[in-house]
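The structure appears below as structure tokens.
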Amino acid sequence: MANKDYSIRQLVEMAACTNCQICADVCPAVSASLDGELSAIYRIKGLSEILKSRTGLFRKLIGKKGLSEEQWKHFSDTVFRCTLCGNCQEVCPVGIHLRDVWLSLRHDMVHSKFYPKKIDMIQANLKESRNVFAEDNEERADWVEDMRDAPEHGYIKDQAEIVYFTGCVAAYFPLAQKIPMALAEILDVGKVDFTLLGEEEWCCGFPMLGAGLKEMFKEFMDHNLEAVREKGARRIIFACPSCYQMWREYYPSEFEIVHASQFIMELVKEKRLPLQELPMTVTYHDPCDLGRGARVYEEPREVIRSIPGVKLVEFTQNRENCQCCGGGGNLEMIDANLSAEIAKRKIEDARSTGAQAIITSCQQCVRTMTTYVKRNKVPIEVLDITQLVQRALKK
Ligand code: SF4
Ligand code: SF4
């Protein structure tokens with residue numbers, strides 16, 4: 001247990017909560033579960049009580065006790081049933097950096113020994129395999145073998161101008177592997193000099209922060225930085241918004257980092273991608289870490305509009321108000337039913353736009369929404385923006 005898991009800024013911000021409850025109104029976990037205890041306001045109140053119970057000499061003197069083991073467990077359960085979507089932070093009128101508080105709170109819960117046991121599994125996987133799924137890290141770039149026209153070097157060069165950092169989900173999940181395949185094809189058509197890191201790519205660190213395991217992060221960050229330096233690269237491309245977000249916020253700013261949607265937009269503007277007519281009506285889902293997290297809203301939309309024949313219709317709640325798909329914050333591992341319930345609402349919203357396909361810019365969003373659509377036989381397609389562009393490339 002440690003109040004030092006929180007910064008002074010966080011403590012000051014939390015004290016400013018006005019109990020307005022606006023955060024609860026926009027929380028996807030609350031609306032999908034109808035459980036108000038999953039809201040930011042409940043958690044801020046609970047955390048304030050915990051902090052006081054640890055330090056308040058006056059409270060101890062007048063006989064106020066801290067939380068019982070049962071209350072701790074209950075509170076911890078609410079902490080991890082959150083997608084870290086940042087919607088609460090977006091609307092909080094007093095500007096509390098709630099997403100940061102949730103990360104610190106998860107760290108605190110792990111210190112306090114009240115956390116879901118699945119986190120032990122995440123920790124063991126990362127320690128042993130360097131990826132979150134306990135896969136063989138030497139197989140990180142094996143998806144290249146499934147490409148039709150893969151070059152002999154398998155996209156692993158000694159030196160290149162650009163590194164494409166794939167991330168764990170795209171590297172190992174068959175459904176998500178279509179995304180790096182699509183991006184590699186786009187980069188080839190655009191004649192981009194890029195390399196993968198292969199087995200030298202380790203987890204970016206996001207699952208560690210999301211699981212309250214931030215002590216592990218530095219080793220992974222140092223390794224990844226060195227691996228990129230060895231390639232002599234100056235830029236790194238990410239199709240995964242969480243990897244992109246980690247490198248933006250937690251890695252030193254040694255390299256220029258760019259999300260795939262931004263990079264594709266550059267290629268389109270430089271007329272390096274020949275795009276053919278694609279008659280489709282699509283809607284665009286802003287991934288939480290790319291949209292609210294990195295404020296990248298326009299480039300993906302520009303890419304979509306640049307494809308002849310594609311019509312973009314918006315979700316009612318879009319850009320900074322976009323509702324999470326249910327796949328963030330390790331929620332799927334902690335509470336798969338709640339994750340699926342959030343996905344269900346997302347898919348219903350998408351259907352109401354009349355779109356034939358949901359386009360997003362995130363492998364985890366693709367995985368979460370596709371899983372729901374397939375299980376429930378919903379007639380709508382889910383594609384990453386790289387897959388949409390790949391489909392439009394003139395063959
Ligand atoms: S981050 Fe998202 S899921 Fe978590 S409390 Fe805030 S609004 Fe709810
Ligand atoms: S929106 Fe901000 S100020 Fe309002 S209850 Fe939630 S945390 Fe407190």
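Only one of (1) away from ligand 2 (no atom under 13 Å from the Cβ); (2) of a type in the set (Val, Ile, Thr); (3) surrounded by fewer than 22 Cβ atoms within 10 Å (Cβ to Cβ) fails for Thr83. Which number is that?
The number of the failed condition is (3).
Have a look at Asp100, Asp108, Asp120 and point out the one that is within 16 Å of ligand 2 (Cβ to nearest atom) and either outside any helix (DSSP H, G or I) or not small (Gly, Ala, Ser) (or both).
When all the criteria are applied, what remains is Asp100.
So Arg272 ticks every box in (1) within 16 Å of the chain's Cα centre (by Cα); (2) surrounded by fewer than 19 Cβ atoms within 10 Å (Cβ to Cβ) but one. Which box is left unticked?
The number of the failed condition is (1).
Would you mind listing the helices (runs of 4 or more DSSP H) fully within region 1-41 where at least 1 residues are more than 14 Å from ligand 2 (Cβ to nearest atom) and touching a residue at least 12 places away in the same chain (Cβ under 8 Å)?
Once the helices (runs of 4 or more DSSP H) in region 1-41 are filtered for at least 1 residues that are more than 14 Å from ligand 2 (Cβ to nearest atom) and touching a residue at least 12 places away in the same chain (Cβ under 8 Å), what remains is 8-15, 28-33.
From the list Ala336, Ala294, Ala343, exactly one residue is away from ligand 2 (no atom under 16 Å from the Cβ), among the hydrophobic types (A, V, I, L, M, F, W, C), closer than 26 Å to Leu209 by Cα and without any contact (Cβ under 8 Å) to a residue 12 or more places away in the chain. Which is it?
From the options Ala336, Ala294, Ala343, the qualifying one is Ala336.
For region 319-332, indicate whether the set of residues that are in a helix (DSSP H, G or I), of a type outside the set (Val, Ile, Thr) and at positive phi is non-empty.
yes
Considering only region 234-244, I want to know if a residue exists there that is touching a residue at least 24 places away in the same chain (Cβ under 8 Å), under 21 Å from Glu135 (Cα atoms) and in a helix (DSSP H, G or I).
Within region 234-244 (the criterion being touching a residue at least 24 places away in the same chain (Cβ under 8 Å), under 21 Å from Glu135 (Cα atoms) and in a helix (DSSP H, G or I)), the answer is yes, since at least one residue qualifies.
Each reported figure results from applying straightforward, stated rules to the coordinates on display, with no laboratory input. Remember, predicted model here, so these are calculated numbers, not experimental data. All Cβ positions, even for glycine, are placed from backbone atoms using ideal geometry, and neighbour counts span all protein chains on display.
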